[in-house]
Ligand SMILES: [Zn+2]
């Protein structure tokens, strides 16, 4: 069984799915959906379609240049049946897939690292600024609610102080690693 890719978006197409178009020059195009077929008729470049594999690869949104992809090649000449070869191939496929999955995960987390940090900071800020909304005045007695509010205010002032302190320290620290970085670079060049 061969799982073919859509000519437009690059999505996997299982047997019995999608449609095929054979051009005058005998080139075969396969489409996963009506949407992809219509876009092809309109001569839309798949690199400009946000949902296509081509777009995601050209914009570094997915792992594209990796040695694990070299295993996935179309071979039109079927080899002579050999039980050992088939068994070892199936074992190799599993191994390659697991390696590819791990690399894709690490690629994704590296790509999302900065945005995750920003999102986390935004959520923390929201909780700090709107803590009074989270306190239910019916469930929590007034004295306790006041205490929580006071605590949150003190936490805020403490954090502000800390932030002011860290920005200064960061400036001081920044001067040191710059020199060390350049030293490391020079070491690498020497080697
Ligand atoms: Zn498609």
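The values are calculated or read from the model by the stated rules, or taken from the named source; none is laboratory data. Predicted, not measured: the structure shown is a model, and the values here were computed from it. Here Cβ is always computed from backbone atoms with ideal geometry, including for glycine, and neighbour counts include all displayed protein chains.
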Subject >> Index of the failed condition, residue 68 passing every other in (1) within 11 Å of the ligand (Cβ to nearest atom); (2) in contact (Cβ under 8 Å) with a residue 12 or more places away in the chain; (3) in a helix (DSSP H, G or I) >> reply: (1)
Original post:
When you look at residue 40, is it surrounded by 10 or more Cβ atoms within 10 Å (Cβ to Cβ), in a strand (DSSP E or B) and assigned by TED's automatic domain parsing to the domain that holds residue 1, yes or no?
Top reply: no
**OP:** Kindly list the number of the only condition in (1) more than 12 Å from the ligand (Cβ to nearest atom); (2) in a loop (DSSP other than H, G, I, E, B); (3) over 19 Å from residue 55 (Cβ atoms) that fails for residue 17.
**Re:** (1)
Original post:
Do we find a residue being in a loop (DSSP other than H, G, I, E, B) and near the ligand (Cβ under 10 Å from one of its atoms) anywhere in the range 21-31?
Top reply: no
**OP:** Look at the range 43-58 and say how many of its residues are in contact with a helix residue (DSSP H, G or I) (Cβ under 7 Å, 6 or more places away or on another chain), surrounded by 15 or more Cβ atoms within 10 Å (Cβ to Cβ) and either without any contact (Cβ under 8 Å) to a residue 40 or more places away in the chain or part of a strand (DSSP E or B) (or both).
**Re:** 2
Original post:
Applying the selection to the range 1-14, what residues are more than 10 Å from the ligand (Cβ to nearest atom) and part of a loop (DSSP other than H, G, I, E, B)?
Top reply: 1, 2, 3, 14
Original post:
For the range 21-37, which residues satisfy the criterion of being surrounded by 11 or more Cβ atoms within 10 Å (Cβ to Cβ) and over 24 Å from residue 57 (Cα atoms)?
Top reply: 21
